[in-house]
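Worksheet: one structure, shown below.
The values are calculated or read from the model by the stated rules, or taken from the named source; none is laboratory data. The shown structure was predicted, so the numbers you read here are calculated from the model rather than taken from an experiment. We place every Cβ from the backbone using ideal geometry, glycine too, and count neighbours over all the protein chains shown.
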Amino acid sequence: MSKLIAVSEEAYFRLAKFKDGNKSFTKVIMELTENKGDIADLFGTLKMSKIEIKKLKRQIKTERDSMFAK
């Protein structure tokens, strides 16, 4: 069974970039929306020292500040 959907021209062209050869739009959509797991599954898997955590937090703050600087 199939369904008809409408997308903007921009969305169509973005989706078409993922199409190669004779791959269908259905196949492209299925690949792009495939469940890759839940981010919550990753909680607690990264082991860092307190020094590494402080360094990472500083780096993130620096990058955020530079991204949102006026």
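The table for this structure:
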| item | result |
| --- | --- |
| Which listed residue, of Glu63, Glu10, is surrounded by 10 or more Cβ atoms within 10 Å (Cβ to Cβ), of a type outside the set (A, V, I, L, M) and assigned to a helix (DSSP H, G or I) | Glu63 |
| Subset of region 13-60 [of a type in the set (Lys, Arg), exposed (fewer than 10 other Cβ atoms within 10 Å of the Cβ) and closer than 30 Å to Ser2 by Cα] | Lys17, Lys36 |
| Glu31 being modelled with pLDDT of 85 or more, under 15 Å from the mean Cα position of the chain (by Cα) and either assigned to a loop (DSSP other than H, G, I, E, B) or among the acidic types (Asp, Glu) (or both) | yes |
